[in-house]
Amino acid sequence: MKKLAVVLVAGAALLAGCGGSSTGSSGSTSSAPPKPSGKVQVLYAGSLANLMEKDLGTAYTAASGVTFDGTPAGSTALVSDIKGKVKPADVFISASTDANTGLIGAANGDWEDWYATFATAPLVIGYNPNSKFANDLKTKPWQQVITEPGFLFGSTDPKLDPKGKLGAQALQKENLPATAAQVFPEEQLVGRLQAGQLDAGFFYSSEAADAKIPTVTLGSVQLKATYTVTVLNKAPNQAAAISFVNYLLGSDGLALLKKHGLQVVPVTVTGTKTKEPAGLQGVLGGK
């Protein structure tokens, strides 16, 4: 009888194991991704601050229960912060594909293997409507106005921020000196313009629209931000990172991007697609 009992117990355990395996293959909780919790730490391009802090971060937290912890700065500066482990990060959102390149490969610490492009925004000149040069900007070539005596023009550091790099390219294309623009941190430029400390500056169309800053185009100079997102390989909370990217690239997130003036483009993935988290196949287009 004892031997029979042992056999029955072993058989039941075997059946239970098979049942669990079968359930997992049919999509039960055993194969489902972990439920996100805690907080998601997102390092993002400073030009997205209004979107992230006033809308998307709050909406994501309400929908997921995960706390949004965002840090804005110039994309290139954020790459240095990631490599230097200045702050733990789960998700990196950049305004330039060049920034992502700085995190790919063993020489760069293998921080990321892929990134998804999801939106763009043209580079424009935003100006203070109370500036004494406001009418000049609306009626004269911008190349002429920014070199007028007393004109205070701002940009970001080309070494730390893609917008500053694009601004430097715009000046170079028009044979204007780099000194035509004063350099400020990415996260300060909007505030300085609104406070009257600058007459104008280089901005992306989306952030200018968000801050209700009037703009003029750069004419024949066609430059733009290219926004990308990735889940970092060393993300402390990968489940939350996957959840956040799913929200960002899902219908609710895309609606908020459009609301804030971004030009949403079809998601395209660059890098090693086999390294994409399985939980992102729906928004990244599968493997």
Can you give me the number of residues within segment 210-237 that are surrounded by 20 or more Cβ atoms within 10 Å (Cβ to Cβ) and at pLDDT 95 or above?
11
Of the candidates K163, K138, the one satisfying the condition of being of a type in the set (K, R), under 17 Å from I213 (Cβ atoms) and touching an Asp or Glu at 6+ places or on another chain (Cβ under 9 Å) is K163
Filtering segment 131-155 for residues that are in a loop (DSSP other than H, G, I, E, B) and open to solvent by 30 Å² or more (accessible area, probe 1.4 Å) leaves a count of 8
Please list, ordered by first then second residue, the pairs with beta carbon atoms under 8 Å, 6 or more apart or interchain, first in segment 180-201 and closer than 15 Å to I146 by Cβ, second surrounded by fewer than 24 Cβ atoms within 10 Å (Cβ to Cβ) and acidic (D, E).
V183/D157
Taking segment 238-279 on its own, how many of its residues are modelled with pLDDT of 95 or more, under 21 Å from E112 (Cα atoms) and of a type in the set (A, V, I, L, M, F, W, C)?
10
Can you tell me how many residues in segment 166-182 are touching a strand residue (DSSP E or B) at 6+ places or on another chain (Cβ under 6 Å) and within 21 Å of A121 (Cα to Cα)?
3
Please verify whether segment 229-247 includes one or more residues that are over 30 Å from S131 (Cα atoms) and basic (K, R).
yes
Would you check if there is a residue in segment 75-86 being touching a Ser or Thr at 6+ places or on another chain (Cβ under 7 Å) and among the hydrophobic types (A, V, I, L, M, F, W, C)?
no
Among the listed residues V183, V190, identify the single one that is of a type in the set (A, V, I, L, M), open to solvent by 50 Å² or more (accessible area, probe 1.4 Å) and within 20 Å of A73 (Cβ to Cβ).
V183
Of the residues in segment 156-176 that are open to solvent by less than 30 Å² (accessible area, probe 1.4 Å) and within 18 Å of the chain's Cα centre (by Cα), the one that is nearest to A195 (Cα to Cα) is T156
Can you tell me which of (1) free of Cβ contacts under 8 Å to residues at least 60 places away in the same chain; (2) open to solvent by 70 Å² or more (accessible area, probe 1.4 Å); (3) farther than 20 Å from T97 by Cα is the one D252 doesn't meet?
(1)
Give me the pairs: first residue in segment 232-247 and under 22 Å from G109 (Cβ atoms), second residue among the acidic types (D, E) and open to solvent by 50 Å² or more (accessible area, probe 1.4 Å), beta-carbon distance under 9 Å, and six or more apart or on different chains, which are they?
N233/D110; K234/D110
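The values are calculated or read from the model by the stated rules, or taken from the named source; none is laboratory data. This structure is a prediction, so every number in the text was calculated from the model and none was measured. Don't worry about glycine lacking a Cβ; one is built from the backbone with ideal geometry, like all the others, and counts go over all protein chains shown. All accessible areas refer to the heavy atoms of the entire protein, side chains included, with ligands and DNA or RNA removed. Shrake-Rupley method; radii C 1.70, N 1.55, O 1.52, S 1.80 Å.
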